[in-house]
1. So if I check each of Gly223, Gly249, Gly275, which one is among the small types (Gly, Ala, Ser), under 20 Å from Cys296 (Cβ atoms) and touching a residue at least 24 places away in the same chain (Cβ under 8 Å)?
2. Hey, can you tell me all the residues within region 248-258 that are closer than 20 Å to Ala159 by Cβ and part of a loop (DSSP other than H, G, I, E, B)?
3. From the list Gly273, Gly251, which one is touching a His at 6+ places or on another chain (Cβ under 9 Å) and not aromatic (Phe, Trp, Tyr)?
4. State all residues of region 259-304 that are among the aliphatic types (A, V, I, L, M) and either at pLDDT below 90 or part of a loop (DSSP other than H, G, I, E, B) (or both); if no residue qualifies, say none.
5. For residues in region 271-296 being more than 16 Å from Leu245 (Cα to Cα) and touching a helix residue (DSSP H, G or I) at 6+ places or on another chain (Cβ under 8 Å), which is surrounded by the fewest Cβ atoms within 10 Å (Cβ to Cβ)?
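The values are calculated or read from the model by the stated rules, or taken from the named source; none is laboratory data. Just so it is clear, the structure is predicted and the values come from calculations on it, not from any experiment. Every residue, glycine as well, gets a Cβ built from its backbone with ideal geometry; the counts of neighbours run over all protein chains shown.
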Amino acid sequence: MSWSHRPPVVALSALTLLVAPLALDGFERLRDRMAALSSISHRPDRAGLRYGPFERNVLDLWLPTGPLVGPPRPAPVVIFFHGGGFLGGDKSSVPAWLIRRCRERGIAVASANYRFSRQAPYPAPMRDGGRAVQYLREHAVELGIDGDRIAGSGNSAGAGIVLWLAFHPDLADPSDPDPVARRSSRLACTAVIGAQTSYDPRFIKQRIGGRAADHVAIRPFFGLAPGADLNDPALDALYRDASPLTHVGPGAPPAFLAYSEPRAPLSEDDPPGRGIHHPEFGVALKERLDPMGIECVLVHDDDYRDRPDPEDGVPRDFVAFLARRLGL
């Protein structure tokens, strides 16, 4: 039984309830997996750390439990951003396997909330993500982590935040009086699940197909009214800036991309929104990174069907990639 085919659970997490109206096909399996592997039994070492001025600017932190590898030094950290279509979700949905496996490998784990698009559309969620990374850097010594070794992780919307931060120009502002804002938002590497690599609905329609571009989360993400024309040329610059693919260039960090939605092409008969976690998003990013010599590992749930242990697949390879890229 693969990691995406675990038995259903009775008590679903808050994330599950929030994204249920948005989830279709493969992402239903991914969503249920996240609920089944929720981190409810993993209490953070530091809870509710406020990284910014807004109500949802809070994060939790788990410190490593495993032995140090190599000479004594602060632990690297991976920061996780939850999914939910930028419409809902919570930091408590960080997968238990990610916390446990990272801590055992000597990696700290942070999980952050961010503002939702109906209250604060793009670029607010991405800027919040950057602020969380900057906060960890500024307070690294007191938190017992290595501010020079910060990786990004997340699923769905949270994965998009991570990839945007990975490729977008650094958000650091050396002239800002706030010491947190002066810190770098750069990531050492990324490992994400079900990521959209572009939010341009025209790209989605052309590359993903079907009616994926009609997903209910797209207009709120851009602050558009229901029924707004997504093909309006006035939106071109906004679409470009919001899409991680736009910002890919030399020096980008390596990426690990995991998908579970079926690989099959979509048709116009598919329901609106189906395909918003399609692996073709990952293919598009890999096509950009490979020619630059930047490592991009693209895996699919189907690749692990012959492994009886559900964690002897994506979870194992996911954390192994993070550990290797963080110098462990």
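1. So the residue among Gly223, Gly249, Gly275 that is among the small types (Gly, Ala, Ser), under 20 Å from Cys296 (Cβ atoms) and touching a residue at least 24 places away in the same chain (Cβ under 8 Å) is Gly249.
2. Val248, Gly249, Ala252, Pro253, Pro254
3. Within the list Gly273, Gly251, the selection yields Gly273.
4. Hits for region 259-304 are Ala264, Leu266, Ile276, Ile294.
5. Of everything passing the filter in region 271-296, Pro272 is surrounded by the fewest Cβ atoms within 10 Å (Cβ to Cβ).
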